[in-house]
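Accompanying notes for the structure given below.
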Amino acid sequence: MSGIRIGTVTHYFDRIGVAVLDLTDNLKVGETVHFLGHSCDFAQKIDSMQIEHKSVTEAGPGQEVAVKVLQPVRQHTSVFRIEEE
């Protein structure tokens, strides 16, 4: 899988399966991302995002967004946007 690094995981809420991402690039709902870290390596489509408990459709560098994840992730896990070929 090739992709562009768009941020890292800063926190994971295991009871609700939500990760907080610190973005270094743009991210939009509907894009596919790849989580790659110490104990995880999976891709998923972003179905929804929240900033401060408010739903958003896109976010940019410097923002922290919360996203529902399919598998547990850890702090410092890298997040890549998968480029469609």
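Some values worked out for this structure:
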| item | result |
| --- | --- |
| Entirely in segment 14-85, the strands (runs of 3 or more DSSP E) that have 2 or more residues that are surrounded by 14 or more Cβ atoms within 10 Å (Cβ to Cβ) and either among the aromatic types (Phe, Trp, Tyr) or touching a strand residue (DSSP E or B) at 6+ places or on another chain (Cβ under 7 Å) (or both) | 18-23, 32-36, 41-45, 49-51, 64-68, 78-82 |
| Counted residues, segment 60-79 - those being under 20 Å from PHE13 (Cα atoms) and more than 9 Å from the chain's Cα centre (by Cα) | 10 |
| Which numbered condition ILE6 misses (of (1) assigned to a strand (DSSP E or B); (2) surrounded by fewer than 15 Cβ atoms within 10 Å (Cβ to Cβ)) | (2) |
| Unmet criterion (only one of (1) polar (S, T, N, Q); (2) under 15 Å from ILE4 (Cα atoms); (3) in contact (Cβ under 8 Å) with a residue 60 or more places away in the chain) for THR24 | (3) |
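Taken together, the values in this text are just the output of simple stated rules run on the coordinates, not laboratory data. Predicted, not measured: the structure shown is a model, and the values here were computed from it. Quick reminder, even Gly has a Cβ in these numbers, built from the backbone with ideal geometry, and neighbours come from all protein chains shown.
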